[in-house]
Each structure stands twice: as C-alpha cells, then as structure tokens.
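Following: one structure in structure tokens, then a few remarks.
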Amino acid sequence: MKRILIVAVLCAGAMFAQSGVDGSLIEKTQLQWHSCGALNGFFWQSMATESQRIAFLMGYSEAWAKTTDGSIVWPKGATVAEVETGLQSFYYDSRNLVIPVSFALQIASDRLGGIESSEDINQNMPGVRKVWERCSERASKQY
C-alpha cells in the first residue's frame, strides 16, 4: 500500500512539473484567497462542490465547538447545511468576495440572532467591503 501511495505522489509531482504551472501563479491565487490573512469569498468560491464546502464548515464548526475565547463565531442553532446555503448566497454577490469567511459568519450570526436586521446589515455593507478591499489591495501590492 505504501508503494502505491509513493508511486502516486511521484507521478502526480512529475505531471505537475510537466504541466508548466507557474509557481508564482499559484502563490498569487492563494494570495487572492486571503484578506488580511483570513480566508475569504474567493477561497469559498474555489471549493467547487457542496461536499467541499460542507467539509470545510464541519472543520470550522468543530474548531468553534472547542474554542472558549469567543474568537470563532458560529450562527447559534444553525446547521452546517444552513450555513453553507447562507454563505453561498452571501458570496453570490461578487462584491462580498473580499470579505473573510469568519466575518461572513459573524454577519450570518447577527442576522439569525436578531442582533442586527438585514436592512441594517445591508446599509453597512459598502463600508465593510471598502475596509476589506483596502486590506486586499495592500497585500497584493506587497506581492
């Protein structure tokens, strides 16, 4: 079994090297996936299947369940499937792609918890987007 795995890894590496994929392109793509160091909507959209997004959210919810300092937010009472649907809807608006997933979850949590109405959140979104856009612009200039 180990031999098969080693052969598969070596073949994949050889194919990758021969494919002519530019390492700087990969770095630039990964840079686009972050806003101030946090995974954002570009990363979210890179997960092509619902299964990938659900797996990511399951890991995120597991981390949320284990944190005690409140630094990770999960919409209270929401299922992973409900959160996945909400994030898909949120990132459907391409203006939101620079917003980190963790911040999008905070917005979802505020909506579901009745802390802020959808109207209040929508009114504040232009300013929120501008903050994250500036952060992303600074990071891309460093590249």
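Each residue in segment 68-77 was checked for being surrounded by 12 or more Cβ atoms within 10 Å (Cβ to Cβ) and either of a type in the set (Asp, Glu) or at pLDDT 75 or above (or both), and 3 of them qualify. Taken over segment 90-111, the criterion of being loosely packed, with under 12 Cβ neighbours inside 10 Å and either farther than 20 Å from TRP33 by Cβ or not aromatic (Phe, Trp, Tyr) (or both) is satisfied by SER94 alone.
Taking residues in segment 104-130 that are under 19 Å from ASP93 (Cα atoms), and partners anywhere that are assigned to a helix (DSSP H, G or I) and aromatic (Phe, Trp, Tyr), the pairs with Cβ atoms closer than 6 Å and at least 6 places apart or on different chains are ALA104/PHE90. For segment 42-56, the set of residues classified as in a helix (DSSP H, G or I) and either free of Cβ contacts under 8 Å to residues at least 12 places away in the same chain or touching a strand residue (DSSP E or B) at 6+ places or on another chain (Cβ under 9 Å) (or both) consists of PHE42, PHE43, SER51, GLN52, ALA55, PHE56, listed by residue number. Do the conditions hold for GLU62, that is, is it acidic (Asp, Glu), in contact (Cβ under 8 Å) with a residue 24 or more places away in the chain and part of a helix (DSSP H, G or I)? Against the criterion (acidic (Asp, Glu), in contact (Cβ under 8 Å) with a residue 24 or more places away in the chain and part of a helix (DSSP H, G or I)), GLU62 does not qualify. Taking segment 36-61 as the range and being under 28 Å from LYS130 (Cα atoms) and among the aliphatic types (A, V, I, L, M) as the test, the residues that pass are ALA38, LEU39, MET47, ALA48, LEU57.
Whether a residue is touching a Phe, Trp or Tyr at 6+ places or on another chain (Cβ under 7 Å) and at pLDDT 85 or above was assessed, and SER46 passes this test.
The values are calculated or read from the model by the stated rules, or taken from the named source; none is laboratory data. Just so we're clear, the structure is a prediction, and the values are computed from it rather than from any experiment. With ideal geometry, Cβ positions are generated from the backbone for all residues, glycine too; neighbour counts draw on all protein chains shown.
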